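Reviewing the structure listed below.
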Amino acid sequence: MTKNKSKAYWKDNIRYLLILLAVWFLVSFGAGIIFKNFLNEFKFGGFKIGFWFAQQGSMYVFVILIFIYVRLMNKLDKKYGYDK
Amino acid sequence: MVMINSILLVRELPVQTWTYILVGITFTLYIGIAIWSRAGSTKEFYVAGGGVSPLANGMATAADWMSAASFISMAGIISFAGYDGAVYLMGWTGGYVLLALLLAPYLRKFGKFTVPDFIGDRYYSNTARLVGVICALLVSFTYVAGQMRGVGLVFSRFLEVDINTGVIIGMLIVLFYAVLGGMKGITYTQVAQYCVLIFAFMVPAIFISIQMTGNPIPQLGFGSEVADGSGTFLMDKLDGLSTDLGFNEYTEGTKSLVDIFAITLALMVGTAGLPHVIVRFFTVKRVRDARKSAGIALLLIVILYSTAPAVAAFARTNMIETLSNQPYATVPEWFKKWETTGLITFIDKNKDGLIQYVADENQNELVVDNDIMVLANPEIAELPNWVIALVAAGALAAALSTAAGLLLVISASVSHDLIKKIINPKISEKNELVAARLSSIAAVCVAGYFGINPPGFVAATVALAFGLAAASFFPAIILGIFYKRMNKEGAIAGMIIGILTMLYYMLKYKLGWFDAVLPCKSEWWFGISPEGFGSVAMLLNFIVSITIMKFTPEPPKNVQIIVEQIRIPSGAGEATH
């Protein structure tokens, strides 16, 4: 029983990780590097979008990602009774 | 009348006096904290007793992380590199996502004192532990030498002492609180140092942002229109100025896509593999605190890192406008002052008395060192003297906090991993603490020696410390947590081959040790620079580890059980031997 529980917990955890890391990859390596030239065609105030992601946006997203992860994991710990 | 006089006096105090006042106050504060929070046990010495709050740990991690390089050099590098500077911004912040999601919670649950501790126990082998110790020492020493040099530079510039005297003053201060306070002393000093350094970085940035764009928030300011009423966006103006002088557009950069990709990845992964960063997460109470403090640390780091590119763009625009095509005879006072330090040089090649600052190296007459941008920025923008002095105090806080954190890793590697775990397991707690203090004294002396006699390659190798961490620790830790089947044979082979390949590439293509002349860029493997090669070496480590693992026996049952337990957050006891 506890074995199944810890397996299920781990599976949920991995699923969260994959989703969050996909976003991590997309904003930095995606928007900031690979698609930079394409995104630079568009502007946001005085910023070209690709440049903005590389020097500003990706960092903001990183911070948000960690706090989302903290929230998700706290909930998950509670659900499986691992929060004690 | 007396009062008015004294206020005027304060306004006109010279930079020198202000520097003595601010540096004096902050140093007294650090030493006071160190005495108040000195360590009494090995547990307090290595992991601050394990009861640090997530907020305090986040602040300490941020100060630990932001070195003299982040504070002084980064904005300057971005200023000259334009878009390419993004590799440092994304690389040195993105690593925290990996740290928070893939490493910190599990290593905290594991509950040991050091990174080689994890490697040694998870891979049930003292050989693995020893490889871990060697990698940790290699990474930390390359890193700390640069910090001591940074301390010396700042002292020599702002207190007008000899650079070696500066290094020695820095050594004594660090020695005092690292030896006395251990991790506990360092943690609470770093909390104070974070406050000093962030304040010192933000104040001039906000002043300059208001001056140039009218917007007090630098992050928005550099996307705004310039304040001269022309309606041009600052970035467009800067792109224009850059192309006029023959440089690439500021928002374009010059590095190839594959190299940008590789460097960013190497820095991210290296960040997550640096022992002095990882060990900070051993100091909090619970697994959930480890996750949260990684988030807080990154938030606090991003405050500075998102401001740096704004400072870079302001400084670059300012510099081109103030100097380009201006007569040398009428340059501002700060130019002459920095010229005497050799950080700005001007050679009037065509003898017209004007400063030609252009991309073409044969015609360019002006060379400005990266480090000037942050240090001289307040002077260039004509800010009050106390702001200039504040920058000095901030730069010292940044350099000292990082140096102290690294010295702790070095001393723990020697006293705990080497003496206690390998040489003499029967050593008493009291003697281990003595050993820890002695090894931190030795480490400070070695670091100071490198600070005074920098081997030519120190500056070049600081960035490469990341490559070494990426090539050695990151794969071993990740596989140790996420791959139960990973055994000692695979991990040891992976770490050794990873770090040796990285060292080879670095010595060959960065330092030119194996050839008569430094090999040119076209010879780089896959077009990847030595700075970015950490990503290749990391991949190699993963491949070697997994391949060797397939042909060797699986780890013992009790180790597999440990791995299962690491994955569950509850019941994280306090860190133990």
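Rule-based calculations on the coordinates, nothing more; no lab input. Treat the numbers as computed from the prediction; the structure is a model and nothing was measured. Positions of Cβ are backbone-derived with ideal geometry, glycine not excepted, and every protein chain shown enters the neighbour counts.
Condition check ((1) among the hydroxyl-bearing types (S, T, Y); (2) within 14 Å of chain A (Cβ to nearest Cβ)) across all residues:
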| residue | (1), (2) |
| --- | --- |
| B:G512 | no, no |
| B:V517 | no, no |
| B:C520 | no, no |
| B:V536 | no, no |
| B:I543 | no, no |
| B:Q560 | no, yes |
| B:Q565 | no, yes |
| B:S570 | yes, yes |
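Selection of first residues in the stretch A:51-66 that are more than 7 Å from chain B (Cβ to nearest Cβ) and aliphatic (A, V, I, L, M) and of second residues that are part of a helix (DSSP H, G or I) and surrounded by fewer than 24 Cβ atoms within 10 Å (Cβ to Cβ), restricted to Cβ pairs under 7 Å at least 6 apart or on distinct chains, gives the following pairs, ordered by first then second residue: A:V61/A:V23; A:V61/A:V27.
The sole residue among B:L298, B:L274 that is crowded, with 21+ Cβ neighbours inside 10 Å, within 14 Å of chain A (Cβ to nearest Cβ) and aliphatic (A, V, I, L, M) is B:L298.
Quick grid of which residues meet (1) touching an Asp or Glu at 6+ places or on another chain (Cβ under 7 Å); (2) within 26 Å of B:G111 (Cα to Cα); (3) assigned to a helix (DSSP H, G or I):
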| position | (1), (2), (3) |
| --- | --- |
| B:F474 | no, yes, yes |
| B:M486 | no, yes, no |
| B:L540 | no, no, yes |
| B:V544 | no, no, yes |
| B:P553 | no, no, no |
| B:N558 | no, yes, yes |
| B:I561 | no, yes, yes |
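Filtering the stretch B:86-101 to residues that are over 14 Å from A:G57 (Cα atoms), facing chain A (nearest Cβ under 7 Å) and not β-branched (V, I, T) leaves B:Y96, B:A100, B:L101. Among the residues making up the stretch B:63-85, those that are within 12 Å of chain A (Cβ to nearest Cβ) and among the hydrophobic types (A, V, I, L, M, F, W, C) are B:M74, B:A75, B:I78, B:A81. Residues that are under 24 Å from the mean Cα position of the chain (by Cα) and away from chain A (no Cβ under 14 Å): does the stretch B:281-291 have at least one? Checking the stretch B:281-291: at least one residue is under 24 Å from the mean Cα position of the chain (by Cα) and away from chain A (no Cβ under 14 Å). Residues in the stretch B:497-514: is at least one in contact with a Lys or Arg (Cβ under 7 Å, 6 or more places away or on another chain) and over 24 Å from B:K255 (Cα atoms)? Taking every residue of the stretch B:497-514 in turn, at least one turns out to be in contact with a Lys or Arg (Cβ under 7 Å, 6 or more places away or on another chain) and over 24 Å from B:K255 (Cα atoms).
Can you confirm whether the stretch B:358-367 contains a residue that is among the hydrophobic types (A, V, I, L, M, F, W, C), buried (at least 21 other Cβ atoms within 10 Å of the Cβ) and more than 16 Å from the chain's Cα centre (by Cα)?
Of the residues in the stretch B:358-367, the ones among the hydrophobic types (A, V, I, L, M, F, W, C) are B:358-359, B:366-367.
When the remaining residues are screened for being buried (at least 21 other Cβ atoms within 10 Å of the Cβ), the result is none.
No, because not a single residue in the stretch B:358-367 is among the hydrophobic types (A, V, I, L, M, F, W, C), buried (at least 21 other Cβ atoms within 10 Å of the Cβ) and more than 16 Å from the chain's Cα centre (by Cα).
Helices (runs of 4 or more DSSP H) fully within the stretch B:196-286 that include at least 2 residues being in contact with a helix residue (DSSP H, G or I) (Cβ under 7 Å, 6 or more places away or on another chain), more than 13 Å from B:F314 (Cβ to Cβ) and of a type outside the set (D, E, K, R): B:257-273, B:275-278. Within the stretch B:113-136, residues that are in contact (Cβ under 8 Å) with a residue 24 or more places away in the chain and more than 16 Å from B:Y483 (Cα to Cα) sit with their Cβ atoms under 6 Å from residues that are assigned to a helix (DSSP H, G or I) and of a type in the set (D, E), at 6+ positions apart or across chains, in these pairs: B:T114/B:D417; B:P116/B:D417; B:V133/B:D417.
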